[in-house]
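The values are calculated or read from the model by the stated rules, or taken from the named source; none is laboratory data. Predicted, not measured: the structure shown is a model, and the values here were computed from it. Here the Cβ is made from the backbone with ideal geometry for all residues, glycine too, and neighbour counts use every protein chain on show. All accessible areas refer to the heavy atoms of the entire protein, side chains included, with ligands and DNA or RNA removed. Shrake-Rupley method; radii C 1.70, N 1.55, O 1.52, S 1.80 Å.
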Amino acid sequence: MEILELVVKNNSILKNDSGMAIMMVMSVIAILAFLLADFTFESKINKIKVYNQQDKLQARLNAEAGLNLALAKLKLYQEGRNLIEKNKQLKEFIQPSMIESVITMDNMFPIILPPGANILQKTAINEFEKNSLIRGRLNLSISTVSGFLNPNNLRVSQEKSKKSNDPDNSEDEESTSPHDYIEKKLLETLNQALEKEKEKNEEFDEIYGNVNAELLIKELKFFVNDPKNFNDSERAEIEATYLAADIIPKHAPLNSIDELHLLLGWNDSIVKLFKDKLTVHEVSIIAVNELTEEQLKLLFPSITPVQIEEFFKHRDGDEELKIKAQEFKSEKDFKELVVNKLAIVDNQTYDDRKKEYEQAGLRIAVAGKLYKISSKGFFGRAEYSITAFADLPIKPEPEPEEEEKNKNDPNTDPNNIDKTDTTNTNTDPDDDKEDKEEEKPIELLSPRIIEVRIE
């Protein structure tokens, strides 16, 4: 009996051990299955990441290709402008704005043909796309950077600062000053951007509902000006803020729009809201073919409503009166209309206003030389954007001292200076004045990238 009891106990133990072994094996299999599934999932995720990275690199190549295409177009624009400037007869028929309108046309790849395209056109486009190195899509746009919204134009010269502080100065220059207009437009633009953002973003409204836009613009003016030339009433408050933070303001022109982040009162949200509306590069262009009524009043405060109406009739035409539009071919044509035909101002006043705006960093012209390039590359689900600013510098003229030195130099070839030698004593002084006032041809240098933003 004892032997039988031992046998039964041993059988039950063996059954329990085999059950435990099966449970252990099943547990191991379950764990391995989970690990395998996790490993497979992670592998797929990493594979997608690699493909996305490849797509992004291809999208970047497409965007860079668009940037190179834009520079090539601007190079052609430079050659065309220089050719027109050198050839007066050609300049009468081809306007700089006409060439500009060609190079600022948007480009897209792949090319989308209109519904009525014939077989030859479709075949040519297919062949072009087949031989192209671009894979994916490309959108390219070039636009002129013009207008007055340049923070560096808030800089006030020492001479202008002295005049504004002179109590004997009865002329109200503040109301017509370019600096005053630029400050007003910057304030207006910032206020509009803030109000628009507040309307659609309640959280933004709660944080920035009481922001003082005027003080922000004054701080910007303080930041770019020499301390000696900034005498606004807000100076003490702004200066105290920088002293408390132990930070020295730049007191010089901005080299990049990203330097707005250096202003203590401007946090990232406000800078992001405002910076795309500004430019800090070179001289802003007052494009006479795009002047608005408000800008025209700023240029010539004494202009009358009748003169404004006649100005726009001449430039833009009038369908009812069957007056054809006559775009300005040069700054000289603009001056002719303002001074002689409409008598808005006299010749001396025009020259004074022009000089005043040039000192403020604003140039009167018919076509720009600073361009914003937006190139977007697409491939798969990836998108890569490049925003760049390209400038075509104007070749500087030789200094008058150098020209005089060359004229007096005995080693200088006299054949090279006979163009400036006027020995005719019977010359009419009025003719000499016209020759001096004749617009000098400008020569544009090769386009160069002066700022790049990557998104």
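Name every residue in the stretch 184-199 that is of a type in the set (Asp, Glu) and open to solvent by 60 Å² or more (accessible area, probe 1.4 Å), in order of residue number. Walk me through it before giving the result.
Step one: list which residues in the stretch 184-199 are of a type in the set (Asp, Glu), which gives 188, 195, 197, 199.
Hits for the stretch 184-199 are Glu188, Glu195, Glu199.
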Elements of type strands (runs of 3 or more DSSP E) contained in the stretch 349-455, each with 2 or more residues being modelled with pLDDT of 85 or more and either touching a Lys or Arg at 6+ places or on another chain (Cβ under 6 Å) or open to solvent by 50 Å² or more (accessible area, probe 1.4 Å) (or both): 370-379, 382-391, 448-454
Index of the failed condition, Ile308 passing every other in (1) under 18 Å from Glu183 (Cβ atoms); (2) free of Cβ contacts under 8 Å to residues at least 24 places away in the same chain; (3) surrounded by 16 or more Cβ atoms within 10 Å (Cβ to Cβ): (1)
Residue under evaluation Ala245, criteria (1) modelled with pLDDT of 80 or more; (2) buried (at least 16 other Cβ atoms within 10 Å of the Cβ), criterion not met: (2)
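Quick one: in the stretch 127-150, of everything that is in a helix (DSSP H, G or I) and modelled with pLDDT under 85, which residue is nearest to Lys275 (Cα to Cα)?
Quick first cut of the stretch 127-150, residues in a helix (DSSP H, G or I) only: 127-131.
Then keep just the ones that are modelled with pLDDT under 85; that gives 128-131.
Details: Phe128: 39, Glu129: 37, Lys130: 40, Asn131: 40 Å.
Per the criteria, the residue is Glu129.
State yes or no: is Ser375 hydroxyl-bearing (Ser, Thr, Tyr), out of contact with any helix residue (DSSP H, G or I) (no Cβ under 7 Å at 6 or more places or on another chain) and on the phi < 0 side of the Ramachandran plot?
Details: hydroxyl-bearing (Ser, Thr, Tyr): yes; out of contact with any helix residue (DSSP H, G or I) (no Cβ under 7 Å at 6 or more places or on another chain): no; on the phi < 0 side of the Ramachandran plot: yes.
No; evaluated as a whole, the condition is false for this residue.
Can you tell me which residues in the stretch 106-132 are within 27 Å of Arg60 (Cα to Cα) and free of Cβ contacts under 8 Å to residues at least 24 places away in the same chain?
To start, the set of residues in the stretch 106-132 that are within 27 Å of Arg60 (Cα to Cα) comprises 106-113, 124-132.
Hits for the stretch 106-132 are Ile111, Ile112, Leu113, Ala124, Ile125, Asn126, Glu127, Phe128, Glu129, Lys130, Asn131, Ser132.
Among the residues of the stretch 333-342, which ones are surrounded by 13 or more Cβ atoms within 10 Å (Cβ to Cβ) and either within 30 Å of the chain's Cα centre (by Cα) or over 21 Å from Asn87 (Cβ atoms) (or both)?
Asp333, Phe334, Lys335, Leu337, Val338, Val339, Leu342
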Tabulated pairs, the stretch 286-303, first open to solvent by 20 Å² or more (accessible area, probe 1.4 Å), second among the aromatic types (Phe, Trp, Tyr), C-beta under 6 angstrom, 6+ apart or interchain: Asn289/Phe328
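Is it the case that the stretch 156-171 has a residue that's modelled with pLDDT of 70 or more and out of contact with any Cys (no Cβ under 8 Å at 6 or more places or on another chain)? I'd like the intermediate steps shown before the answer.
The initial filter retains those residues of the stretch 156-171 that are modelled with pLDDT of 70 or more, namely 156.
Now restrict to residues that are out of contact with any Cys (no Cβ under 8 Å at 6 or more places or on another chain): 156.
Yes, the stretch 156-171 contains at least one residue that is modelled with pLDDT of 70 or more and out of contact with any Cys (no Cβ under 8 Å at 6 or more places or on another chain).
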Meets criteria (under 30 Å from Ala367 (Cβ atoms) and open to solvent by 10 Å² or more (accessible area, probe 1.4 Å)) for Ser256: yes
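In the stretch 259-282, which residues are open to solvent by less than 50 Å² (accessible area, probe 1.4 Å) and of a type in the set (A, V, I, L, M)?
Filtering the stretch 259-282 down to residues open to solvent by less than 50 Å² (accessible area, probe 1.4 Å) leaves 259-260, 263, 265-266, 270-271, 273-275, 278-281.
Those that are open to solvent by less than 50 Å² (accessible area, probe 1.4 Å) and of a type in the set (A, V, I, L, M): Leu260, Leu263, Ile270, Val271, Leu273, Leu278, Val280.
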